[in-house]
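What follows is a short report on a single structure.
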Amino acid sequence: MGVRRAVTRLAAALSVLGLCAVVSACGTAGGNEQAASAASSSGAGTGGVIHIGYQKYGTLNILKARGTLDKDLKKMGYRVDWIEFPGGPQLLEAMRSGSIDIGHTGEAPPVFAQAGGVSLVYLAHEPASPHSEAILVPKGSPIHTLSQLKGKKIALNKGSNVHYLLVKLLQKAGLKYSDIQPVYLAPDEARAAFQRGSVDAWAIWDPYFAVAQSQLHARVLADGEGVVQNHEFYLASRTWALQHQDVVKVLLRDLSETDAWAKTHQAALARLLAPQLGIDEKTLLVAANRRTYGVQPMDKKTIQQQQDIADTFYRLGLIPKSIHVAQAVLPKNGG
């Protein structure tokens with residue numbers, strides 16, 4: 001019944017999507033022309049093709065592997081084009097250019113994207129999963145406390161969910177962001193740097209987190225417990241979402257049903273994703289056991305949490321301007 005209620009609330013919110021016209025246009029004319037050109041050449045949102053950006057792990061991966069959404073949208077005359085990205089920032093940059101219509105990221109990427117002029121909307125989110133991201137150090141590292149990160153090189157994907165994790169953990173240890181040396185690398189590059197000792201620590205999320213534990217024997221210095229929420233968000237291009245409310249409703253319904261299955265079938269989930277992700281079942285099961293499941297509509301509490309992230313990044317000079325997260329949320333959800 002909980003899943004049905006969530007889907008009903010999401011459907012109700014989406015029914016007013018067509019009335020949403022409160023957000024001013026973002027970006028420059030040149031950026032808009034570039035996006036229009038990219039959308040035209042890629043066919044994004046046109047010709048019955050839905051372009052979905054996904055990352056390595058998450059409910060969208062499960063949905064892709066099960067084929068549920070492809071079947072449901074085929075009945076509606078659509079074909080799904082799945083495009084993989086190494087992280088949320090890269091995924092939302094593709095949304096900016098019009099290459100994808102829908103995607104999923106952690107907390108920080110939509111904040112950076114909105115500040116950068118990407119016209120996006122939040123569709124829904126997953127529950128908090130603070131144990132699914134962490135700062136890792138090599139097995140034999142002399143670093144055992146967060147305060148010992150002062151002056152150290154820390155690898156992270158700039159603008160990703162772990163960017164906020166790092167900021168908050170440094171604050172917890174009484175350190176400033178300027179006290180460390182951030183090394184901005186995509187996950188695969190960061191793993192290589194971590195493995196060869198070019199960096200002292202690595203801020204990373206699952207399943208890369210679980211893989212680093214199993215294959216590199218990395219040690220957890222701290223995870224997000226008691227520090228960050230680590231929500232996963234489902235996002236869409238604003239223009240595309242306004243024109244495809246029917247697709248969004250089906251997507252959220254299928255995601256909700258997939259989450260309900262995954263929550264009680266984690267061993268089967270690991271078997272399903274292993275060949276798709278190229279990660280062994282045992283490692284995937286570790287990641288599956290420490291994340292949470294259940295698509296939820298955007299609410300005032302979650303919007304405020306995102307606003308807190310945006311305000312923090314602005315104070316640190318990590319984003320170029322202050323933003324209002326509620327402007328990227330449906331009016332009914334934003335209050």
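Database remark: amide H of residue 81 closer than 5 angstrom to the amide H of 50, 51, 52 (H placed geometrically; neighbours at sequence offset of 5 or more, or on other chains; Pro and chain starts carry no H). In the neighborhood of residue 276, defined by Cβ-to-Cβ distances under 11 Å, what is the net charge if each Lys or Arg adds +1 and each Asp or Glu adds -1? Overall, the nearby charge balance is +3. Legend: ranking of residues 104, 324, 144 from fewest to most surrounding C-beta atoms inside 10 Å; resulting order 144, 324, 104.
Holding the Cα-Cα limit at 29 Å, pick out from 139/172; 64/152; 64/168; 75/300; 64/321 the pairs that are longer than that. Over 29 Å apart, Cα to Cα: 64/152; 64/168; 75/300; 64/321.
Estimate the FRET efficiency between residue 179 and residue 282 by the formula 1/(1 + (r/R0)^6), using the beta-carbon distance for r and 35 Å for R0, to the nearest 0.05.
Numbers: r = 37 Å, r/R0 = 1.06.
Plugging the Cβ-Cβ distance into 1/(1 + (r/R0)^6) gives 0.40.
The separation of segment 218-244 from segment 273-335, counted between C-alpha centres, amounts to 2 Å.
For segment 130-223, the C-alpha radius of gyration divided by 2.2 N^0.38 Å, with N the number of residues, is 0.93. FRET efficiency for the residue 139 to residue 265 pair, using the beta carbon distance and R₀ = 35 Å, is estimated at 0.60. When only Cα pairs below 8 angstrom with a gap of at least 6 residues are kept, segment 130-223 shows a relative contact order of 50 percent. The value of relative contact order for segment 208-335, using C-alpha pairs under 8 Å at least six residues apart, is 20 percent.
A short reminder: the numbers here are calculations on the coordinates, not readings from a lab. The structure displayed is predicted, hence computed values, not measured ones. Every residue, glycine among them, receives a Cβ derived from its backbone with ideal geometry; neighbour counts consider all protein chains shown.
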